[in-house]
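Here is the structure we will look at, set down as structure tokens.
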Amino acid sequence: MQFSEKILELASEAEKALSEHFKRIDELSFKNTNKIMEAFMEHRVSDVMFNPTSGYGYDDKGRDTLDEIWADVMGAEKAFVRHNIVNGTHALTIGMFGLLRPGDIMLSAAGKPYDTLEEVIGIAGEEGNGSLRDFGIDYEQIEMKDGRLDLPEIEKALKTHGKKIKVVWVQRSKGYLNRRTLTVAEIGELSELVHNISPETYVVVDNCYGEFVEETEPTAVGADLVIGSLIKNPGGGMAEVGGYIAGKARAVELASYRLTSVGTGCEVGATLGLNKSFYKGLFYAPHTVSSALKTAHLAAYIFEKLGYNVEPSWDEARSDIIQQIITGSPEELIAFCQGIQAGSPVDSFVAPVPWAMPGYQDEVIMAAGAFTQGSSIEISADGPLRPPYTAYLQGGLTYESGKIAVLSAADAMLKIKNKEV
């Protein structure tokens with residue numbers, strides 16, 4: 001691809017400014033890779049674990065060992081990883097329905113959850129579709145204050161409702177909200193508060209986009225469940241489907257009963273030859289995440305210099321791989337996503353347009369030139385068509401390919417506004 005000289009010069013300037021940040025990211029990748037390697041060695045991973053099973057999938061050695069490795073890596077008591085979890089929303093729904101019962105309250109501690117969960121909870125969509133609300137489960141949310149969890153308000157809610165609050169829900173990443181991402185330490189502080197006041201309450205974390213961005217995961221600091229998708233960070237660009245749930249043994253067991261059935265849980269489920277891609281994906285994940293983080297830092301620098309508001313800033317440490325670029329207009333949001341698509345290895349010739357996607361309340365534009373459909377760890381950009389018209393960039397299967405996509409988007413934005421660097 002050909003890029004303007006001004007954009008190439010800005011990219012070179014960015015990489016010089018980001019050298020120390022890139023060094024820190026490489027060190028993080030090493031530490032997380034070492035953690036995964038130790039788990040592989042401890043559990044004696046061998047070629048036999050990649051063999052397929054069929055039918056009920058009883059005694060699937062590869063599946064069961066991967067679950068144990070995943071628990072170790074996540075700092076959890078128990079975990080399961082399954083190909084028949086179709087996306088992150090499905091994994092999160094399994095966790096919700098596994099833990100919540102009629103008369104319980106689900107408290108969202110960081111404002112509104114991701115858009116696709118609104119119908120699952122029952123705060124949007126038609127009555128009678130089978131939402132949590134249809135099953136007599138109440139929902140409350142507490143907004144963040146000054147970019148932080150409002151711990152006094154959370155404490156007040158817990159003391160008011162007691163153990164009726166069965167789940168305190170934490171979305172680690174920003175989703176489609178213009179807010180900062182939560183750190184693992186902040187989630188640990190929340191977990192301590194919740195468990196001190198109401199030991200029977202579960203702290204459940206939507207961990208999407210956050211895996212391996214820090215040295216530890218929320219389960220290592222007290223969260224009862226963390227949940228995510230394999231076609232995001234932890235699949236390393238190798239997993240083509242699937243999701244995971246990890247955490248305290250009882251919470252994971254209850255979730256597994258919603259995955260399959262009460263009494264069978266994790267003991268069944270043929271892997272159909274997909275184990276190898278899951279093992280490889282976990283192995284690659286820290287390095288792939290490091291590429292995505294470098295891509296995000298680069299994008300933040302370039303678009304900040306082009307006059308856009310970005311979050312986080314180019315020199316801020318991150319707790320997820322998402323980079324916000326506030327474009328300010330629908331035309332620029334569309335141009336940004338079309339630029340990312342044009343710089344992608346797959347379907348580069350396609351121009352994405354906004355459309356009414358299932359599960360979303362606004363029209364959404366999505367760019368995803370990925371080898372695996374919807375794999376946001378590869379390279380993707382999306383955003384709802386609503387003010388302030390924020391683009392959410394994530395991924396970069398390699399830093400080099402992520403850089404190409406960012407430069408393509410920058411050129412597209414310059415053309416539509418005829419900006420001068």
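Restricting 365, 379 to residues that are in contact with a Leu (Cβ under 8 Å, 6 or more places away or on another chain) and closer than 24 Å to residue 19 by Cα narrows the list to 379. Residues that are among the hydrophobic types (A, V, I, L, M, F, W, C), without any contact (Cβ under 8 Å) to a residue 40 or more places away in the chain and within 22 Å of residue 94 (Cα to Cα) occur in segment 258-271; there is at least one.
So that you can scan it fast, the table gives a plain yes or no per residue for (1) part of a loop (DSSP other than H, G, I, E, B); (2) not basic (Lys, Arg):
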residue	(1), (2)
319	yes, yes
325	no, yes
334	no, yes
386	yes, no
405	no, yes
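Among residues of segment 255-269 being crowded, with 21+ Cβ neighbours inside 10 Å and among the hydrophobic types (A, V, I, L, M, F, W, C), the one that is nearest to residue 202 (Cα to Cα) is 255.
Scanning segment 236-252 for residues that are crowded, with 17+ Cβ neighbours inside 10 Å and in contact with a strand residue (DSSP E or B) (Cβ under 8 Å, 6 or more places away or on another chain) gives 242, 243, 244, 245, 246, 247, 248, 251, 252. Taking residue 223, is it surrounded by 24 or more Cβ atoms within 10 Å (Cβ to Cβ), assigned to a strand (DSSP E or B) and either of a type outside the set (Ser, Thr, Tyr) or out of contact with any strand residue (DSSP E or B) (no Cβ under 6 Å at 6 or more places or on another chain) (or both)? Spelling it out, it is not the case that residue 223 is surrounded by 24 or more Cβ atoms within 10 Å (Cβ to Cβ), assigned to a strand (DSSP E or B) and either of a type outside the set (Ser, Thr, Tyr) or out of contact with any strand residue (DSSP E or B) (no Cβ under 6 Å at 6 or more places or on another chain) (or both). Residue pairs whose Cβ atoms lie under 9 Å apart, sitting 6 or more positions apart in sequence or on different chains, and linking a residue in segment 16-42 that is farther than 30 Å from residue 302 by Cα to a partner that is exposed (fewer than 13 other Cβ atoms within 10 Å of the Cβ) and modelled with pLDDT of 95 or more, are 35/215. Against the test of being assigned to a helix (DSSP H, G or I), touching a helix residue (DSSP H, G or I) at 6+ places or on another chain (Cβ under 6 Å), modelled with pLDDT of 95 or more and in the same structural domain as residue 208 (by TED's automatic domain parsing), the options 251, 246, 255 yield a single qualifying residue, 255. Report whether or not residue 25 is in contact with a helix residue (DSSP H, G or I) (Cβ under 6 Å, 6 or more places away or on another chain), crowded, with 19+ Cβ neighbours inside 10 Å, part of a helix (DSSP H, G or I) and β-branched (Val, Ile, Thr). Against the criterion (in contact with a helix residue (DSSP H, G or I) (Cβ under 6 Å, 6 or more places away or on another chain), crowded, with 19+ Cβ neighbours inside 10 Å, part of a helix (DSSP H, G or I) and β-branched (Val, Ile, Thr)), residue 25 qualifies. Right, residue 95: in the same structural domain as residue 246 (by TED's automatic domain parsing), on the phi > 0 side of the Ramachandran plot and either without any contact (Cβ under 8 Å) to a residue 40 or more places away in the chain or in a helix (DSSP H, G or I) (or both) or not? When the stated conditions are applied, residue 95 does not pass them. Report yes if some residue within segment 272-285 is assigned to a loop (DSSP other than H, G, I, E, B), over 19 Å from the mean Cα position of the chain (by Cα) and surrounded by 19 or more Cβ atoms within 10 Å (Cβ to Cβ); otherwise report no. Within segment 272-285, one or more residues are assigned to a loop (DSSP other than H, G, I, E, B), over 19 Å from the mean Cα position of the chain (by Cα) and surrounded by 19 or more Cβ atoms within 10 Å (Cβ to Cβ). Among the residues of segment 245-252, are any farther than 22 Å from residue 374 by Cα and free of Cβ contacts under 8 Å to residues at least 12 places away in the same chain? Scanning segment 245-252 turns up at least one residue that is farther than 22 Å from residue 374 by Cα and free of Cβ contacts under 8 Å to residues at least 12 places away in the same chain. Per the listing 340, 326, 321, 365, the residue uniquely closer than 30 Å to residue 37 by Cα and not assigned by TED's automatic domain parsing to the domain that holds residue 147 is 321. Can you tell me which residue within segment 349-382, out of those that are in contact (Cβ under 8 Å) with a residue 60 or more places away in the chain and within 15 Å of the chain's Cα centre (by Cα), is nearest to residue 410 (Cα to Cα)? By that ranking, first place goes to 379.
The values are calculated or read from the model by the stated rules, or taken from the named source; none is laboratory data. Everything quoted here is computed from the prediction, not taken from an experiment. Glycine gets a Cβ as well: all are built from the backbone with ideal geometry, and neighbour counts include every protein chain shown.
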